[in-house]
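Have a look at the structure below before the remarks.
The values are calculated or read from the model by the stated rules, or taken from the named source; none is laboratory data. For clarity, every value in this text was computed on a predicted model and none was experimentally measured. All Cβ positions, even for glycine, are placed from backbone atoms using ideal geometry, and neighbour counts span all protein chains on display. The area values use the complete protein model at the heavy-atom level, side chains included, leaving out ligands, DNA and RNA. Shrake-Rupley method; radii C 1.70, N 1.55, O 1.52, S 1.80 Å.
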Amino acid sequence: MTSYTVTVEPLGREVECAEGQTILDACLRNGVWLPHSCTHGTCATCKAEVLDGDVDHGASSAFALMDFERDEGKLLPCCATPRSDVVIEADIDVDESIEVFPVQDYTATVVELSDIAEQTRRLVVELDRDIGFNAGQYLKFTVPAADGKPSVDRTWSIGSAPGESRRLEFHVRRVPGGRGTDDWVFGSLAVGDQVAVSGPYGRFVLHTADDRHAILVGGGTGTAPLKSMVLHALEADAYAGPLTLYAGGRTRAWLYDVDVFRRLAKEHPDRFTYRPCLSEETADDVAASGDDPAAYAYGTVTDVLAEDHETLTGCAGYLCGPPAMVEAALRTMMGKRLFPRDIHREDFFNEADKAAGGVKSPLIKR
């Protein structure tokens, strides 16, 4: 098989990249960390520059990588494949306290599929061997070909803590007509099935060397990587500072693992605060059902966040969920005196976002 040498500057590292293999994949499998998020050409997080050589840009979104940028020698390593030996220069800013785990392939056996909230399913798999990952990272699943449709890759964040190195959980939101969700996780997938997965991927991780108050904001299944962070911080005593989790849902039916987070808040009252937020249900609605209205906050997660804090100076932000929610939370945090360098984010793009050209923040470098 033909392969090419990819040299990554300013590291000066060389990796072998097979013909047809993306540059990002080759780097991550060889322990060379490049910034990345969506891994399918939508978010532009991995954007780098070609200093020498030729590449095929692949399925890069025309929004994430514009024509003039291609002409100027830019590329998205998550989609680009080499046509020759290549030298690229990437914007690498690595926290030396975070371990880099090379991407590897695994066989996963499905051990649990359960509905945990409205249009939300918990998927638990058992890997064929141990995996190392940082709290907040994700795996890539290969959805098998079926009904005349080709196999596709889908990515979901790990909801379990790094201490669980073989049995991993994921929280999957149903997307109407979605190839990986409607057709598969909510369709043909069954307990006992074996699935090809790879990972870990992602730069959205808990910075364990930090000791600032961590403000975690999740919308929908954006709670998954935040759950991994909270579990790792509290159960492994991996984070010195306090943590507050804002989990948003339209109604109580859209929230999940509420009892888990409440238990953790009760066990660690000085370290962890849980704020479940209801945007389409009122305190009267909750009281009328017999539930305790004081156990919830009301409004969007950004509304509640803004009401709770006069300033966020001295905190660290972690945002995860749909792009619109992440963007709104970013604006709120910056309005509360939190600088972009102190805010970590993960936008959950689906195929509809990719088809629409992606979402790009005008406020913060991606």
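Assorted remarks:
- Computed extension length for residue 97-residue 49: 14.6 nm, one decimal, from 0.36 nm per residue of separation with the Cα-Cα distance subtracted.
- Rolling a 1.4 Å probe over the protein heavy atoms leaves residue 268 with an accessible area of roughly 40 Å².
- Packing-based order for 337-343, 157-163, using average beta carbon neighbours within 10 Å, highest first: 157-163, 337-343
- Phi-derived couplings, Karplus 6.51 cos²θ - 1.76 cosθ + 1.60 at θ = phi - 60°, listed residue by residue for the stretch 58-71: x, 8, 4, 5, 5, 7, 6, 9, 6, 4, 5, 5, 4, 5 Hz, with x used for Gly and Pro.
- Between residue 83 and residue 182, the C-beta separation translates, for a Förster distance of 51 Å, into a calculated FRET efficiency of about 0.90.
- What the Cβ-Cβ distance of residue 104 and residue 16 gives, at R0 = 25 Å and to the nearest 0.05, is a FRET efficiency of 0.95.
- Overall form of the stretch 31-77 per C-alpha gyration tensor (a/c, 1.5; a/b vs b/c): oblate
- Using the 1.4 Å probe convention, the accessible area of the stretch 18-80 works out to 36 Å² per residue with neighbouring protein chains retained.
- DSSP assigns beta bridges within the stretch 144-261; of those with both partners inside it, close to 25 percent run antiparallel.
- Solitary cysteines of the chain, where the nearest other Cys Cβ is not under 4.7 Å: 17, 27, 46, 78, 79, 277, 315, 320
- Percent breakdown of C-alpha pair distances by 10 Å bin, ordered from the shortest bin, for the stretch 48-113: 17, 35, 26, 17, 5
- In this calculation the C-beta distance from residue 209 to residue 288 is compared with R0 = 51 Å, giving a FRET efficiency of 0.65.
- Of the Cα atoms belonging to the stretch 221-342, the radius of gyration and Dmax stand at 14.4, 44 Å.
- Shown in residue order for the stretch 261-277 are the 3J(HN,Hα) couplings computed by the Karplus curve 6.51 cos²θ - 1.76 cosθ + 1.60 at θ = phi - 60°: 5, 5, 5, 5, 5, 6, 6, 10, x, 8, 10, 9, 10, 10, 10, x, 10 Hz (x for Gly and Pro).
- Taking amide H as placed 1.01 Å from N in the peptide plane, the amide H of residue 46 sits under 5 Å from that of 37, each at least 5 places away or on another chain.
- The chain, relative contact order in percent, only Cα pairs under 8 angstrom and at least six apart counted: 15
- Each residue was assigned an accessible area with a 1.4 Å probe, and for residue 334 the value is about 60 Å².
- Centroid-to-centroid separation of the stretch 150-178 and the stretch 293-335 [C-alpha atoms, Å]: 25
- Highest mean packing first, where packing is the average number of other Cβ atoms within 10 Å per residue, the peptides 25-31, 145-151, 294-300 line up as 25-31, 294-300, 145-151.
- Ranking by accessible area, most exposed first, for 155, 181 with a 1.4 Å probe: 155, 181
- DSSP bridge analysis restricted to the chain gives an antiparallel fraction near 60%, rounded to the nearest 5.
- Heavy atoms of residue 33: accessible area, 1.4 Å probe, square angstrom to 10: 50
- Angle between the chain longest axis and helix 223-235 axis [Cα atoms, degrees, rounded to 10]: 70
- Equivalent ellipsoid, the stretch 157-284 (semi-axes from 5 times Cα gyration tensor eigenvalues, Å): 26, 21, 12
- Most positive-pole-ward Cα, 348, 274, 2, against dipole of the chain from beta carbon charges: 274
- Its Cα centre serving as origin, the chain has a Cβ charge dipole (Lys and Arg +1, Asp and Glu -1) of approximately 420 debye.
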